[in-house]
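The values are calculated or read from the model by the stated rules, or taken from the named source; none is laboratory data. Because the structure is a prediction, the values reported are computed rather than measured. Note that we place each Cβ from the backbone using ideal geometry, even for glycine, and neighbour counts take in every protein chain shown.
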Amino acid sequence: MGSMIKFKRPDGTTCKGYLAKVRKGKPGIVVIQEWWGLNDQICGVVDRFARAGYNALAPDLYKGRVTQKPDEANHMMSGLDFVGASDQDIAGAVGHLAGMSRKVGVMGFCMGGALTIAAAARVPGIACGVPFYGVPPAQLADPARITIPIQGHFANTDDWCTPAVVDGFEKAMADAGHKAEIHRYDAAHAFANERSAAYDLACATQAWDRMLAFLGMHL
């Protein structure tokens, strides 16, 4: 359904991404990749959003690199310039969608979930954010700077984005006066990825339905 495009970043350079568009005036959603890269699964999420009526764009944060090996994925994630990914690649994607969409939201999984929260704190023009099982360090995204609606989806059995981390983020948002809508699932990390061994159909379906209802209210 979609295709690869180039779009401009705020600094004037370009970034590639996978775009599936419906038509001008529809809501827009930036989809942020997991640590594997911009793979077929993430492109499938973009297409799924388009079928639901959204102009959707996934920026290629790894510049063409994709892997199926956890060690390599961890290496690529560790080497990512998270500030640049947020303030340039994701900001550029938001700006590109803003040219064709009435409002733009951001969502992502794992690393992309953390970057969703970072973008919510750092990037102007975002109407709402939906992170899945990812929370960034406070020095990247101060919760006090997040004033847009946030709906988070997290796993109760997660040794990366642990329940304690989620509790801390929820408390920090509430303390800043901007309470997030947080949902927790009796599932493991990556429960919404149909290619993961942790995939949980019931939890993934519930999370997707909750997200669409949330996006429908804010976009």
Practice prompt. Please enumerate the residues belonging to segment 183-219 that are over 17 Å from GLY105 (Cβ atoms) and of a type in the set (Phe, Trp, Tyr).
Written response: TYR185, PHE191, TYR199
Worksheet, complete the sentence: Scanning segment 192-216 residue by residue, those in a loop (DSSP other than H, G, I, E, B) and either among the hydroxyl-bearing types (Ser, Thr, Tyr) or under 15 Å from the mean Cα position of the chain (by Cα) (or both) turn out to be ALA192, ASN193, SER196, TYR199
Response to the item:
Out of (1) under 22 Å from GLN88 (Cβ atoms); (2) at pLDDT below 95; (3) in contact with a helix residue (DSSP H, G or I) (Cβ under 6 Å, 6 or more places away or on another chain); (4) not β-branched (Val, Ile, Thr), the one ALA73 does not meet is (3)
Worksheet item: Residues that are closer than 19 Å to ASP87 by Cβ and within 13 Å of the chain's Cα centre (by Cα): which strands (runs of 3 or more DSSP E) entirely in segment 1-52 hold 2 or more of them?
Response: 26-32
Practice prompt. Within segment 159-182, count every residue that is surrounded by 16 or more Cβ atoms within 10 Å (Cβ to Cβ) and either touching a helix residue (DSSP H, G or I) at 6+ places or on another chain (Cβ under 8 Å) or in a strand (DSSP E or B) (or both).
Written response: 7
Worksheet item: Is it the case that some residue within segment 3-22 is in contact with a Pro (Cβ under 7 Å, 6 or more places away or on another chain) and within 17 Å of LEU115 (Cβ to Cβ)?
Response: yes
Practice prompt. Report the residue count in segment 144-163 for those that are in contact with an Asp or Glu (Cβ under 8 Å, 6 or more places away or on another chain), free of Cβ contacts under 8 Å to residues at least 40 places away in the same chain and not hydrophobic (A, V, I, L, M, F, W, C).
Written response: 3
Worksheet item: Of all residues in segment 9-20, which are surrounded by 13 or more Cβ atoms within 10 Å (Cβ to Cβ) and either in contact with a Cys (Cβ under 8 Å, 6 or more places away or on another chain) or over 12 Å from LYS63 (Cβ atoms) (or both)?
Response: ARG9, PRO10, TYR18, LEU19, ALA20
Discussion item. Can you report the number of residues in segment 83-116 which are more than 16 Å from LYS8 (Cβ to Cβ), surrounded by fewer than 18 Cβ atoms within 10 Å (Cβ to Cβ) and not basic (Lys, Arg)?
Written reply: 1
Worksheet item: Can you name the residue in segment 53-101 that is among the hydrophobic types (A, V, I, L, M, F, W, C) and part of a loop (DSSP other than H, G, I, E, B) and, of all such residues, is farthest from LEU140 (Cα to Cα)?
Response: MET100
